[in-house]
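Novice: What follows is a single structure, and I will ask about it in a moment.
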Amino acid sequence: MPTVLVTGGAGFIGSHVARTYLSHGHRVVIADNLAGQRKDLIPKEAEFHQVDIRDAALNDLFAEVRPDIVNHHAAQISVPYSVREPLKDLSINVYGSANVLEAAARHHVKRFIFASTGGALYGEPQYHPCDEQHPIMPLSPYGVAKFCTEQYVRYYAQMRDMTSVVLRYANVYGPNQDPHGEAGVVAIFTQRMLEKEPSVIFGDGEQQRDFVYVGDVAQANVLALDLGDNGTYNIGTGAGHSVNELHRLLGQATAYQVPAEYEQARPGDVLRITLDSSKAARDLGWRPETSFQKGLELTVQSFADQRSSGDG
Ligand code: NAD
């Protein structure tokens, strides 16, 4: 079984991916600087190394671990933060990613899977749902940095004898997403509602997102271990749900239906985005299996369980 190095494996999606890889019998090594403060998410069966992806020490880690495959999830994930602090976003999301790629190339990693974004890359779309051919017109430094890293991934794959897979996620949601950050509207609303606190909606709430369940995203990362060589794939459902609709559905699921407070739309956020994932269906055999209704139920249940066990 190959050794997979998962960067950002102490985070929301990375820890789900790491757990899924472990369940398939892979050796999993996690590299994360714990910026997300979620050491509790690291699966016990994984080896963990606390390291910043920008650090020169990353090269020593590769020498020690000798990974066959890198799955790169570590990142600064907030769009508004990237607008406020574009250089810090650039430092982590571009320089840090290039540092991971350089270490991977030096240590003869065979495959590189990169968690990119479909939600922040295409700008305000010219058509719906967006396929991978849609023009790239990011509205935020976060989206620019993700696209720049995609280009580094392509360069390294072409020039340094590595295969790559780029997965462009829609809005990922599910258990263990951080409810205290600026990203992750499902987690933020769920936590606020369970705390019996009103939620804030930015803009008029009619902006639409494509919400994809984290278990389905982890499955795409499993398929990408063997399929989709040097491909770029949207990973979403193709269906759009407004933030107002999400708020209403979560209000029903948590039995807390208090009107939201509306604030000014945030710069960098797009109005409507849905992703066409038919290329992932064709090449990876990937399809979203979890309905929006079911995914929200699983998410609310897990947040409620964590609160009652005192972790929430
Ligand atoms: P997350 O914040 O839960 O996970 C990111 C992880 O990266 C955290 O554990 C954090 O500690 C780590 N990290 C941050 N900076 C680091 C650094 N300098 N060195 C080492 N580790 C560092 O976020 P997530 O939602 O799980 O996102 C994972 C990946 O998926 C990111 O690359 C993100 O851009 C991408 N993505 C997420 C979504 C989504 O909807 N959540 C959508 C598209 C793309």
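The values are calculated or read from the model by the stated rules, or taken from the named source; none is laboratory data. What you see is a predicted model; the values in this text were computed from it and never measured. In this analysis, Cβ positions are derived from the backbone assuming ideal geometry, glycine residues included, and neighbour counts consider all displayed protein chains.
Novice: Taking segment 29-51, which residues are buried (at least 18 other Cβ atoms within 10 Å of the Cβ) and part of a loop (DSSP other than H, G, I, E, B)?
Specialist: Matches in segment 29-51: Asn33, Gly36, Ile42, Pro43, Ala46, Val51.
Novice: Can you tell me which residues in segment 248-286 are farther than 21 Å from Glu150 by Cβ and crowded, with 21+ Cβ neighbours inside 10 Å?
Specialist: Across segment 248-286, the qualifying residue is only Leu250.
Novice: Then there is this: Surrounded by fewer than 19 Cβ atoms within 10 Å (Cβ to Cβ), closer than 22 Å to Thr20 by Cα, at pLDDT 95 or above and not small (Gly, Ala, Ser): is that true of Asp229 in this structure?
Specialist: Numbers: surrounded by fewer than 19 Cβ atoms within 10 Å (Cβ to Cβ): yes; closer than 22 Å to Thr20 by Cα: yes; at pLDDT 95 or above: yes; not small (Gly, Ala, Ser): yes.
Judged against the criteria, Asp229 is a match.
Novice: Follow-up. Output the qualifying pairs, or none if there are none: Cβ atoms under 8 angstrom, residues six or more apart or on different chains, first residue in segment 54-78 and within 13 Å of the ligand (Cβ to nearest atom), second residue at pLDDT below 95.
Specialist: Cβ pairs passing all conditions: Ile77/Gly181; Ile77/Ala183; Ser78/Gly181; Ser78/Glu182; Ser78/Ala183.
Novice: Identify all residues within segment 99-119 that are of a type in the set (A, V, I, L, M), more than 7 Å from the ligand (Cβ to nearest atom) and under 21 Å from Gly231 (Cβ atoms); write none if there are none. Can you show your working first?
Specialist: Going through segment 99-119, the residues of a type in the set (A, V, I, L, M) turn out to be 100-101, 103-105, 109, 113, 115.
Retained after the next criterion (residues that are more than 7 Å from the ligand (Cβ to nearest atom)): 100-101, 103-105, 109, 113.
Matches in segment 99-119: Val100, Leu101, Ala104, Ala105, Val109, Ile113.
Novice: A further question on this structure: Limited to segment 73-95, what total is found for residues that are crowded, with 16+ Cβ neighbours inside 10 Å and either touching a Leu at 6+ places or on another chain (Cβ under 8 Å) or of a type in the set (D, E, K, R) (or both)?
Specialist: Number of matching residues: 1.
Novice: Does Ser140 satisfy being more than 14 Å from the ligand (Cβ to nearest atom), surrounded by 22 or more Cβ atoms within 10 Å (Cβ to Cβ) and not aliphatic (A, V, I, L, M)?
Specialist: Working: more than 14 Å from the ligand (Cβ to nearest atom): no; surrounded by 22 or more Cβ atoms within 10 Å (Cβ to Cβ): yes; not aliphatic (A, V, I, L, M): yes.
When the stated conditions are applied, Ser140 does not pass them.
Novice: Hey, can you tell me all the residues within segment 115-133 that are in contact (Cβ under 8 Å) with a residue 60 or more places away in the chain, out of contact with any Gly (no Cβ under 8 Å at 6 or more places or on another chain) and surrounded by fewer than 17 Cβ atoms within 10 Å (Cβ to Cβ)?
Specialist: Glu124, Asp131
Novice: While we're here: When only residues in segment 81-96 that are in contact with a Ser or Thr (Cβ under 7 Å, 6 or more places away or on another chain) and within 13 Å of the ligand (Cβ to nearest atom) count, which is nearest to Gln151 (Cα to Cα)?
Specialist: Going through segment 81-96, the residues in contact with a Ser or Thr (Cβ under 7 Å, 6 or more places away or on another chain) turn out to be 82-83, 89, 93-94.
Add one more test, that the residue is within 13 Å of the ligand (Cβ to nearest atom), and what stays is 82, 89, 93-94.
On the way: Ser82: 19, Asp89: 17, Asn93: 13, Val94: 10 Å.
So the residue we want is Val94.
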